[in-house]
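Have a look at the structure below, then the notes.
The values are calculated or read from the model by the stated rules, or taken from the named source; none is laboratory data. From a predicted model like this one, the values you see are computed outputs, not experimental measurements. Every residue, glycine among them, receives a Cβ derived from its backbone with ideal geometry; neighbour counts consider all protein chains shown.
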Amino acid sequence: MSGVSRRTVMAGGAAATLAVGVGAAQRPPSNAARFSLKFAPHEGSFASRGGRIEQIAYAADQGFTAWEDNEAGLRSVAEQTAMAKALQQRGMTMGVFVASMPKWAQSRPILGATDGAEREAFLSDIRKSIDVAKRLSATRMTVVTGFMDPRVPLDIQTARVIDVMRRAGEIVAPHGIAMVMEPLNTRTDHPGVYMQTVAQGYAVARGANSPGVKVLADLYHEQIQSGNLIPTLAACWDEIGYIQFGDNPGRNEPGTGEINYATIVRWLRDKRYAGVIGMEHGNSLKGRPGEEALVAAYRRIDQV
């Protein structure tokens, strides 16, 4: 996950405007076969089909049963309500939104810093995010554990991150919500971030020891940083609360890079994973050909 750069890649230039065609979400369900897992497109996945509400309707017509929206917390209450209504009408599950948006250009926050001001600001964001989650019927929300402070020993930063995550878990857990901490790769996209691997996220989650603190396993980031995807998932499984797909290189749909997503889908099905899988990537082709290729790619990996 990143800020503007991520949405630019993934939305393919689609305008993030509220669609007026709420009626499109009221059409009867399509006869298209539903996917066996809760793959979740996002705004921009089907940009040629219209605005946000039309894209949700189109996704449902293709058999998708979930949706995610990183920027949902930045949208107006009216936009959030309209999206929640469209998802409810289509029987779709809401995936993650970002609960506390990092300041990417400034490499902030630094949650392991000596000064605790940014930790308190982070906790304030988490409190505010509760209403957003309830409005969207979301049970997962993404958090980024910030950036490294080169002046502070790593172990001390880790202790401070664990502490603030435990406190945040105490805020969200009573509402049936879990924050999912996202490890990000430093080799291609996010130099300087604190949390860089799923294993590191596992250690922080175990330290926080809260049902409200889990790990987001974005397999695009993990492949770049560490690889060894299935053994890593297996070792960290008890603390993984959400999964995202994206192939590498390119961060596009499965089948465009080196990751064997068909095997990963088979493994997840064997694990009886019932959570959402965010389609956290762009389309390898522009326009409707790219949208059709996207659906076809997920059909292929879902049929293993």
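Only one entry in Ala133, Ala138, Ala168 is in a loop (DSSP other than H, G, I, E, B) and either among the small types (Gly, Ala, Ser) or in contact with a Cys (Cβ under 6 Å, 6 or more places away or on another chain) (or both), namely Ala138. In the set (1) more than 30 Å from Asp149 (Cβ to Cβ); (2) within 18 Å of the chain's Cα centre (by Cα); (3) part of a loop (DSSP other than H, G, I, E, B); (4) of a type outside the set (Gly, Ala, Ser), the condition left unmet by Met101 is number (1). Hey, any hits in the stretch 110-130 for a residue that's within 26 Å of Glu170 (Cα to Cα), among the small types (Gly, Ala, Ser), under 20 Å from the mean Cα position of the chain (by Cα) and buried (at least 23 other Cβ atoms within 10 Å of the Cβ)? Looking for residues that are within 26 Å of Glu170 (Cα to Cα), among the small types (Gly, Ala, Ser), under 20 Å from the mean Cα position of the chain (by Cα) and buried (at least 23 other Cβ atoms within 10 Å of the Cβ), one finds at least one in the stretch 110-130, hence yes.
Okay, residues lined up against (1) at pLDDT 95 or above; (2) within 24 Å of Thr139 (Cα to Cα); (3) in a helix (DSSP H, G or I):
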{"position": "Met10", "(1), (2), (3)": "no, yes, yes"}
{"position": "Ala24", "(1), (2), (3)": "no, no, yes"}
{"position": "Ser30", "(1), (2), (3)": "no, no, no"}
{"position": "Gly63", "(1), (2), (3)": "yes, yes, no"}
{"position": "Gln88", "(1), (2), (3)": "yes, yes, yes"}
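Checking Ala159, Ala113 one by one, the residue that is more than 22 Å from Gln244 (Cα to Cα), part of a loop (DSSP other than H, G, I, E, B), modelled with pLDDT of 95 or more and small (Gly, Ala, Ser) is Ala113 and no other.
If I go through the stretch 32-57 residue by residue, how many of them are hydroxyl-bearing (Ser, Thr, Tyr) and either touching a strand residue (DSSP E or B) at 6+ places or on another chain (Cβ under 6 Å) or buried (at least 21 other Cβ atoms within 10 Å of the Cβ) (or both)? Full working, then the answer.
The initial filter retains those residues of the stretch 32-57 that are hydroxyl-bearing (Ser, Thr, Tyr), namely 36, 45, 48.
From what is left, the residues that are either touching a strand residue (DSSP E or B) at 6+ places or on another chain (Cβ under 6 Å) or buried (at least 21 other Cβ atoms within 10 Å of the Cβ) (or both) are 45.
Here the count works out to 1.
Could you check the stretch 86-109 and list, in sequence order, the residues that are over 25 Å from Ile156 (Cα atoms) and surrounded by 15 or more Cβ atoms within 10 Å (Cβ to Cβ)? It would help to see each step written out before you state the result.
Within the stretch 86-109, the first condition is being over 25 Å from Ile156 (Cα atoms), and the residues that meet it are 86-98.
Passing the criteria: Ala86, Leu87, Gln89, Arg90, Met92, Thr93, Met94, Gly95, Val96, Phe97, Val98.
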